[in-house]
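The values are calculated or read from the model by the stated rules, or taken from the named source; none is laboratory data. If you're wondering where the values come from, they're calculated on a predicted model, not measured in any experiment. Heads up, the Cβs are rebuilt from the backbone with ideal geometry, glycines too, and the neighbour counts pull from every protein chain shown. These accessible areas exclude ligands, DNA and RNA; they are computed on the full protein's heavy atoms, side chains included. Shrake-Rupley method; radii C 1.70, N 1.55, O 1.52, S 1.80 Å.
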Amino acid sequence: MLRSMIAHLRGTIAKGAPGEVSVDVQGVGYKVLVPINVWDELVEGAHTTLWTSAYVREDRFDLFGFADAAMRTLFERFIALDGVGPRMGLELCSVPKNLLFQAIAQEDS
């Protein structure tokens, strides 16, 4: 995975399908995939900052957005694991932190 040159986006939110938003940054709309819990909290038309991670392959360029830099870092660590792609990483980021930490502590996949 290439490190993203787009660290964050600050702009107006337009919600799409669950888990997908458009962030309008001075007239340019960026499609950003977000964890469902972040999507639920975003307000249509609000001015918001999303911390982003880019997923680049020869046939795709996707932006993933998070409410804070710590969650973005967790996502990047998830997708660095064998067998965990960006969609699974995004789903894991939706798991409540206490359940996630408990599963890690108990080594419960």
Give, in nm to one decimal, the length gained when the segment between Asp82 and Arg10 is fully stretched (0.36 nm per residue of separation minus the Cα-Cα distance).
22.7 nm
For Glu20, distant residues with modelled amide H under 5 Å away:
Val34
Consider the candidate values (1) 1.02; (2) 1.11; (3) 0.98; state which one is Rg/Rh (Cα atoms, Kirkwood Rh) computed from the structure displayed.
(3)
In angstroms, what radius of gyration and Dmax does the stretch 58-102 have, counting Cα atoms only?
11.0, 37
Kindly write out, for the stretch 15-25 in residue order, the coupling ³J(HN,Hα) from the Karplus curve 6.51 cos²θ - 1.76 cosθ + 1.60 (θ = phi - 60°), rounded to whole Hz, with x marking Gly and Pro.
7, x, 4, x, x, 9, 9, 10, 10, 8, 10
Residues with amide H under 5 Å from that of Asp68, placed H, sequence gap 5 or more
Trp51
Could you go through the stretch 57-70 in sequence order and give the Karplus-derived ³J(HN,Hα) for each residue, using 6.51 cos²θ - 1.76 cosθ + 1.60 with θ = phi - 60°, rounded to whole Hz, and x for Gly and Pro?
9, 4, 10, 7, 9, 10, 10, 10, x, 9, 5, 8, 5, 5
So between Ile36 and Leu100, what do we pick up on full extension, going 0.36 nm a residue minus the alpha carbon distance?
21.5 nm
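Can you give the local net charge around Ala14? Use residues other than it whose beta-carbon is closer than 13 angstrom to its beta-carbon, Lys and Arg +1, Asp and Glu -1. Working shown, then result.
Details: positive: Lys15, Lys31; negative: Glu20, Asp24, Glu44.
Taking every other residue near Ala14 into account, the sum is -1.
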Just the number please: accessible area per residue for the stretch 23-109, 1.4 Å probe, all protein chains included, in Å².
63 Å²
Taking all protein chains in place and a 1.4 Å probe, what share, in percent, of the accessible surface of the chain do carbon and sulfur account for?
54 percent
Okay, helix-only estimate at 222 nm for the chain: each DSSP H run of n ≥ 4 adds -39500 (n - 2.57), divide by all residues, round to 500 deg cm²/dmol; what do you get?
-9000 deg cm²/dmol
Suppose R0 equals 22 Å. What FRET efficiency, 1/(1 + (r/R0)^6) with r the Cβ-Cβ distance, do Val25 and Ala70 give to the nearest 0.05?
0.45
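Quick check on the chain: of the DSSP beta bridges with both residues there, what percent are antiparallel, nearest 5%? Spell out each step's value before the answer.
Working: 22 of 23 bridges.
Given both bridge residues lie in the chain, the antiparallel proportion sits at roughly 95 percent.
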